[in-house]
Every structure is written in C-alpha cells, then in structure tokens.
Amino acid sequence: MANKFYITTPIYYVNASPHIGHSYTTIAADALARYHRQKLGKDNVWFLTGTDEHGQKIQKAAQVQGLSPQEFADKVVVQFRELWQKLNISYNDFIRTTEERHIKVVQKALEILYKNGDIYLDKYEGWYCTPCETFWTQTQIKNPLCPDCQRPVEKISETNYFLKLSKYQAWLIDHINKNKDFIKPDTRRAEILSFLRDNQLNDLCISRPTERLSWGIPLTFSPNHVTYVWFDALINYLSAVGHFDEKDNYVSEWWGKDVNIVHLIGKDILRQHAVYWPIILHALNIRLPDTVFAHGWWLIQDTKMSKSRGNVVSPIEMSGKYGTDTYRYFLLRDVPFGLDGNFSEEAIIKRFNGDLANDLGNLLYRTLTMIEKYYDGNIPELNMEKADNLDISSDLEVEASFNFSSALEKIWLRINLANKYIEETKPWNLAKQKKEDELKAFIRFLVEAIREVSLNIEPFMPKTSQSIREQIGQDKIKKGAPLFPRIELTPDT
Ligand code: MSP
C-alpha cells in the first residue's frame, strides 16, 4: 500500500487567460490532495501544478503584443497564480517549463533516449498544421486542410528526430491490460485499448528545426533543433520533483514505489498521457504513474467554449459572484467526474439555494440558535454512552473512485438526516417538557454530526469547513451570519 500521494494537474498553456475548464482540473486535484492530507498526513502528499510556456502558439501570442515570449509568459503566469490563490488551491509546487530545473531534466532525458537508440534522425516530408502543431501524412489530407481544425496546412520537408513508439506498442497494450487503474474511467481505457489494437503507432516526431521554431528547449546533441512541445511538457511531472544522477537513474522522493502517482487531465489530452507518456517513461527505465484520470468537458449549452464563439466563462468572475466555495462545490457536485456537463449560472444558483443555503446553512444556523437559546451559547457536555450509538463517522472513498459528486451526495444525505431529525424530535417540546437529558443528547448529536460534516467537506469547501469549526468551538459557540444567504432569482440573473 502506498503511503504517499503525488497528484498533478496538466501544465496550462500561457497563450490565453485561464477559464473554467482549467479551474475544474485544478479544483479536483486540490480536493484530492486535501482529502489525502487528511488521511496520510500533510507531509505525505505532494501536489504539483504549473504552466507550459514553449511552442509556436506562445511565440505568436507574444509577437502580437510586441513582447518577447519570456516577457509574455511572465505576464500570463501571474493570472494563473492569482486564480489559484483566489480558489484556495493548496499546491506544493508550481513548475514553469522555462525554468532551469526543468530544462536540465528534459535535455538529459533526450540524451539518454538518444544514447539508447530510442530516438533517431529521419527526413520528414508531409503536411503540417501550425495552429495544432501536428504533422499529417498525404493520405490524411484530402484538400490541403487540417483534418482536425479545417485550417490550411503547409507542405514541409525537414529533418527531425523521432521517438520509437512502435517498438513499445505491444508492451503498452500489455501494461494497460494488466493494470486496470492505469487509465480511468473505464470508457477512456477501452478507447485507448481499441486505438492501440486497431492502429500501428507512428513514431513520434519529437523535434522542430530552430528556423521554424525558436521558442523551445535546444537538443544538446543537435543545436539546430528544439524539442517538441509535448515532449517538453510531459517531462514536467519528473523535473519538478527529481533529477537524473550520473548513472542516468532518475531519483525522486515522489516517484518511488511507495508513492501513489496520479495525473488528472481532461479527455482532450488523453492520448499524450496514456500513450506517449508511458512509453517515454518505460524507455527511460522509470516506473509508470498508477493512474491517469481523464475527466470530461464543461460545455456552454452543449457547445465547446472558445474565444471565437465568445462564450468563455471566467472563473474569477464566477467565484467572485457566488463565492469560492460555492464555485468549487458546484463544479465537483453537479456532474459526475469523467462525464461532460453544461455550465450555467441557473444551475449554480439552484445548488446554492438548495444544498448550501437550505440544507447545510440551515442545519448549522438552527443548531447554533438552539445552543444559544437553551444553553446560553455553551455546548453541553458529551454523554459518551449515548454518543457511541451515533454512527456519524464515515469514509468517503473518493480515493478509489474519484467520484466527487457521489462523495458529496453521501455527505448531504447525512446533513439531511440531521435536518429531518430536528423536525421529528421537535426540541422545543423537549424544552417545554423539561426533558433535559434528552435535549442535551439531541444537541450533542447535532454538534458531533456538524463537526463530522465540517471535516468531510474540507477537501471540497475549505473555507466553509473552517468557518463552521470557528462557529462551533470547543465548548462555546460563536454564531456568525448565515453561511449561505439565499439568492433571490430575478428575471435577469
Ligand atoms: N499544455 C497542455 C497540457 C500539458 S500537460 C503535460 C494543455 N494545456 S491547456 O491549457 O490547453 O489545458 C488543457 C487542460 O485544461 C485540459 O486537459 C483540461 O484539464 C482543462 N480544460 C480545458 N478546457 C476544458 C473544458 N472546457 N472543460 C474541462 N476541462 C478542460 O493542453
């Protein structure tokens, strides 16, 4: 059993501002990191995020603003850092691919692969789509348009380095077959397996000539080439936490056998993480991650968000309007992790008024009001005998299933049981009839249930959890304003 947990997000491109899609992966990773810190202790969890700063897209975006690519990246990276702060993201490290520590590991990894004969030089002739940074063969191109984005492709002929993916295809199929948790959810695993069975992998072009792309990491064995963005990017998971020693062994506290290594990604970048990445690691003689989990997409009225459609939703705006914890709760609660979902403010407001104001907020408020009224704000002592019968502890099992929405559903079942218990017990009658022991046990139950809930929701809603714990203190309460004052719907909200 692994006693350490290493969780990563994709490193985000800095060619544009962060949107809700980026925030989704990062919030999910944060919830997992926090959950594991509760279970394994804070020192046994490492949570990495960062930014992907090389490549043509970034070079172009910088040019448009009249900045050098580095100046441009330095500017945009601030937006990511500020967003993560606003969303209360508890990352341990933030890697940028322009950092020296990263560049060194990428160059070394390429040298090892080259020395071992896994990378070879070849002449390439074919079509290239610059916006997608993708090569296409003659048979894949019908008219000279990119099969993915339908934009014009260029004919190119150049010498490049290639990684022998084909050599490892059978090994990879075997690995995926033997390790059921390697690609999750199961639908994605099936997708990759059938892709690998039906197609012979083409070797991966891992370089670009410097005359076409200068904003990249130079290959030490060929100064006229820089490395391909994806080779550069994937290595971040290693470069952030370790290095190669003189014998070309990769050493890291966070990449050992005792670590459960999880990459959270969106489904758009599954092939890179489930095909290229394991082959790169295997060729470098480095263990593979335990799990690559690919979640679904947030859509706007069933369509993809894009700048050209003008429907990109800002996470800063949403969390500013509804609160950070509401935003975090909504994303993880409304759609089962792995599936696509539609984002709308109506749906946020519905969750807010129902789950947060009515259920959780009310439970706390009513309980505090009763403690104020019946006990002058002092929390009555715990009667152990009675408390033993109360089954309020729970394990959320987020770990095994990555199923945030069902974990939250379970917590809410308990919140609603407590609310129902209040309605059925009618404590005001107990008070009237002077049934003091019963009233005390009843209040104690609510206090314990709320404390348990506050722990359970901490990974998802850290600020709310803290605020509940402050309001229900050790032996006195400190009642604040309602946690979630209802949002009244007006026609224009
Ligand atoms: N730089 C690469 C990743 C390299 S990882 C070694 C990249 N960056 S990106 O900025 O385009 O971010 C992609 C990730 O953002 C997706 O994999 C996903 O995690 C998240 N999302 C982007 N749009 C999304 C939605 N609309 N919905 C949900 N998440 C999506 O690709």
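The values are calculated or read from the model by the stated rules, or taken from the named source; none is laboratory data. Keep in mind it's a predicted model, so treat the numbers as computed, not measured. Every residue, glycine as well, gets a Cβ built from its backbone with ideal geometry; the counts of neighbours run over all protein chains shown. Surface areas here come from the heavy atoms of the whole protein model, side chains and all, with no ligands, DNA or RNA. Shrake-Rupley method; radii C 1.70, N 1.55, O 1.52, S 1.80 Å.
Between residue 247 and residue 463, the modelled label-to-label distance comes to 5.1 nm, taking each label 7 Å out from Cα in the direction of the beta carbon. Between 0 and 90 degrees, the angle of helix 362-375 with respect to the longest Cα principal axis of the chain falls at about 30 degrees. Defining a contact as two alpha carbons under 8 Å apart and six or more residues distant in sequence, what relative contact order in percent does the chain show? Relative contact order of the chain: 16 percent. For the range 4-295, the relative contact order works out to 22 percent when only alpha carbon pairs closer than 8 Å and six or more residues apart are counted. Only beta bridges with both residues in the range 4-295 are counted; by DSSP, about 50 percent of them are antiparallel.
Determine which residues of the range 124-143 fall in the zone a paramagnetic label at residue 308 would reach in this model, i.e. backbone nitrogen under 20 Å from the point 7 Å along Cα→Cβ. Under cut-off, by backbone N: 128-136, 141-143. For the range 150-166, putting each phi into the Karplus relation 6.51 cos²θ - 1.76 cosθ + 1.60 with θ = phi - 60° gives couplings of 6, 8, x, 10, 10, 7, 10, 9, 7, 9, 9, 9, 10, 9, 6, 5, 4 Hz, in residue order, rounded to whole numbers and with x for Gly and Pro. Rounded is the label for the range 4-295, because the ratio a/c of its alpha-carbon gyration tensor axes (a ≥ b ≥ c) stays below 1.5. Listed by chain and number, the aspartates and glutamates whose alpha-carbon sits under 17 Å from that of residue 350, ignoring those within fewer than 8 places in the same chain, are 325, 334, 359, 409, 488, 492. Ignoring any ligand, DNA or RNA, what whole percent of the accessible area of the range 4-295 comes from carbon and sulfur when the probe is 1.4 angstrom? Looking at the range 4-295 in its full context, I get 48 percent from C and S. Using a probe of 1.4 Å on the protein chains alone, the accessible area found for residue 309 is around 140 Å².
Modelled spin-label separation between residue 436 and residue 81, with each label point placed 7 Å from Cα along the Cα-to-Cβ direction: 5.9 nm.
Only helices enter this figure: runs of n ≥ 4 DSSP H residues, each worth -39500 (n - 2.57), summed and divided by the residues of the chain, yield -13000 deg cm²/dmol at 222 nm to the nearest 500.
Using a probe of 1.4 angstrom, how much of the accessible area of the range 345-472 is carbon and sulfur, in percent?
Summing carbon and sulfur atoms, their accessible area is 48 percent of the total for the range 345-472.
Any lysines with Cα under 30 Å of the residue 440 Cα? List them, leaving off those in the same chain fewer than 8 positions away. Qualifying lysines at Cα under 30 Å: 373, 386, 410, 420, 426, 432, 463, 476, 478, 479. About its Cα centre, the chain has a charge dipole of approximately 380 debye under the convention of +1 per Lys or Arg Cβ and -1 per Asp or Glu Cβ, with nothing else charged. Sequentially through the range 5-20, phi angles give Karplus couplings (6.51, -1.76, 1.60; θ = phi - 60°) of 9, 10, 10, 10, 10, x, 8, 8, 5, 9, 7, 8, 5, x, 10, 4 Hz, Gly and Pro residues having no value and appearing as x. Specify the angular offset, from 0 to 90 degrees and rounded to the nearest 10, of the alpha carbon long axis of helix 169-178 from the longest principal axis of the alpha carbons in the chain. Compared with the principal axis, the helix lies near 20 degrees. Listed by chain and number, the lysines whose C-alpha is less than 23 Å from the C-alpha of residue 75, apart from same-chain residues fewer than 8 away, are 57, 60, 86, 307. Per residue, the solvent-accessible area of the chain (1.4 Å probe, heavy atoms of protein chains only, all protein chains present) comes to 46 Å². In this structure the amide hydrogen of residue 4, modeled in the peptide plane, comes within under 5 Å of the amide hydrogens of 260, none closer than 5 places in sequence on its chain. To the nearest ten degrees, helix 404-425 and the longest principal axis of the Cα atoms of the chain are 10 degrees apart.
Summarised in one figure, the compactness ratio Rg/Rh of the chain, Cα atoms and Kirkwood Rh, is 1.05. Spacing of the modelled spin labels on residue 143 and residue 288, each 7 Å from Cα toward Cβ, amounts to 4.2 nm.
Compute the signed sum of charges (Lys and Arg +1, Asp and Glu -1) over the other residues within less than 15 Å, Cβ to Cβ, of residue 426. Taking every Cβ under 15 Å from that of residue 426, the sum is +3.
Would you please classify the overall shape of the range 25-157 from the alpha carbon gyration tensor, given that a ≥ b ≥ c denote the square roots of the eigenvalues, rounded means a/c under 1.5, and beyond that prolate means a/b larger than b/c while oblate covers the rest? Note, shape of the range 25-157 comes out prolate.
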